[in-house]
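Written below as structure tokens is the structure these notes are about.
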Amino acid sequence: MTIPTLIFGGLIATLYGAIFHLIRGGSFGKLILYILLSWAGFFLGQYIGDRTNWEFITIGALNLGIATITSILFMIAGFWIFKGRPQPE
């Protein structure tokens, strides 16, 4: 992967994390969590797509389709695992 592809992928993954946080809500810590999970899922999906030669919605060297799917799955799993505890009254 080239540097511009990494930067573009990072921007897209950050956007996914921010949109997920906008939909689900939460604190600043949750925003950081969703962005990190989105990056991890996005680039893992990109890696899997490259290694298995699966192509689904590609933009240049970026396999946007599979990367998007894994990014969303990571954020949903993170939301489910780290869902907030009840706040003390």
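A short reminder: the numbers here are calculations on the coordinates, not readings from a lab. This structure is a prediction, so every number in the text was calculated from the model and none was measured. Ideal geometry is used to build each Cβ from the backbone, glycine not excepted, and the neighbour counts take in all protein chains shown.
General observations
- Angle between the chain longest axis and helix 28-52 axis [Cα atoms, degrees, rounded to 10]: 30 degrees
- Local electrostatic count at T70 - Lys and Arg +1, Asp and Glu -1, tallied over other residues with Cβ under 15 Å: -1
- Taking amide H as placed 1.01 Å from N in the peptide plane, the amide H of F56 sits under 5 Å from that of G65, I66, each at least 5 places away or on another chain.
- When every Cα-Cα distance of the stretch 48-87 is counted in 5 angstrom steps from zero, the calculated P(r) takes the values 6, 22, 21, 15, 12, 10, 7, 4, 4, 0 percent.
- Degrees, to the nearest 10: 64-81 long Cα axis against longest axis of the chain: 20 degrees
- Taking the inverse of the mean reciprocal distance over all distinct Cα pairs, the Kirkwood hydrodynamic radius of the stretch 14-59 comes to 11.5 Å.
- The stretch 1-56: chymotrypsin sites (Phe, Trp or Tyr not before Pro) falling in loop per DSSP and having at most 16 other Cβ within 10 Å: W54, F56
- Taking the inverse of the mean 1/r over every pair of distinct Cα atoms in the chain gives a Kirkwood hydrodynamic radius of 13.4 Å.
- Rounded tilt (10° steps) of 3-24 against the dominant C-alpha axis of the chain: 30 degrees
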